[in-house]
Amino acid sequence: MSEGQAVAATDGTEVKMTITESAQDYLAELLSKQGDDVLGVRVFITQPGTPKAETCIAYCREGDAQDDDIQIPYPKLTIYVETRSVPFLEDATVDYAKDRMGGQLTIKAPNSRLPRVNENSPLEDRVNYILYNEVNPSLAAHGGEVSLVEITEDKFAILKFGGGCQGCGMVDVTLKEGVEKSLVEQVPELAGVRDMTDHTNTENAYFK
């Protein structure tokens, strides 16, 4: 394995992510200046597998770690990796390079936006895959888009429309006949969809 690449000690799951020695040293130095409640550093990706994916590194304090997080022990610190983010962190690199301004931590995750989903993927990831790869290309013709806000406990997808879909008089038809039909057919665990968009703003609406 390359420098910094690791296999989790907790359950043997391989995390194909590289954290260079300079990045380890830098993160360990930051941790040394935090309180005793900081356990390490947590790595995760928000909205993985979508064009809006962002790779994040944050302090992992007591209560922040999830039960299924993968713990990777390094000589000077412990990294907690969100299980859901593991496939999207493949070939990711965390590096620290010194410069005239002091230095900069960089994160490169080339696979974070790729739609790596299957029938075993989390419900949220499967819904996002359909929205970004099937639904939004169709809505783009009207200058619109839709994004997932959350999945409720009773398995409803809460959606938010934007662009030409916000304030659109045809949004109920789009929601029921288009978006909900596509999602429920392909993700049968879903009970349905709900719209939380404020449609009183009709400034950019395609149909008013």
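The values are calculated or read from the model by the stated rules, or taken from the named source; none is laboratory data. Remember, predicted model here, so these are calculated numbers, not experimental data. Note that each Cβ is placed from the backbone with ideal geometry, even for glycine, and that neighbours are counted across all protein chains shown. We work out accessible area using only protein heavy atoms, side chains counted, and drop any ligands, DNA or RNA first. Shrake-Rupley method; radii C 1.70, N 1.55, O 1.52, S 1.80 Å.
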### Query
Yes or no: Ala53 touching a Phe, Trp or Tyr at 6+ places or on another chain (Cβ under 6 Å) and among the small types (Gly, Ala, Ser)?
no
### Qualifying positions in the stretch 36-86 - of a type in the set (S, T, N, Q), over 22 Å from Val149 (Cβ atoms) and part of a loop (DSSP other than H, G, I, E, B)
none
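Considering only residues of the stretch 96-155 that are basic (Lys, Arg) and either modelled with pLDDT under 90 or in a helix (DSSP H, G or I) (or both), which is least open to solvent (accessible area, probe 1.4 Å)?
Result: Arg126.
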### Query
Going through the stretch 80-106 one residue at a time, which ones are aromatic (Phe, Trp, Tyr), free of Cβ contacts under 8 Å to residues at least 60 places away in the same chain and closer than 22 Å to Leu39 by Cα?
Tyr80
### Query
Of all residues in the stretch 32-46 being farther than 17 Å from Ile19 by Cβ and in contact with a strand residue (DSSP E or B) (Cβ under 7 Å, 6 or more places away or on another chain), which is least open to solvent (accessible area, probe 1.4 Å)?
Val38
### Task
Quickly run through the stretch 49-71 and pick out the residues that are buried (at least 18 other Cβ atoms within 10 Å of the Cβ) and at pLDDT 90 or above.
Thr55, Cys60, Asp69, Ile70
### Single condition Glu180 does not satisfy, out of (1) in contact with a strand residue (DSSP E or B) (Cβ under 9 Å, 6 or more places away or on another chain); (2) modelled with pLDDT of 80 or more; (3) open to solvent by 50 Å² or more (accessible area, probe 1.4 Å)
(3)
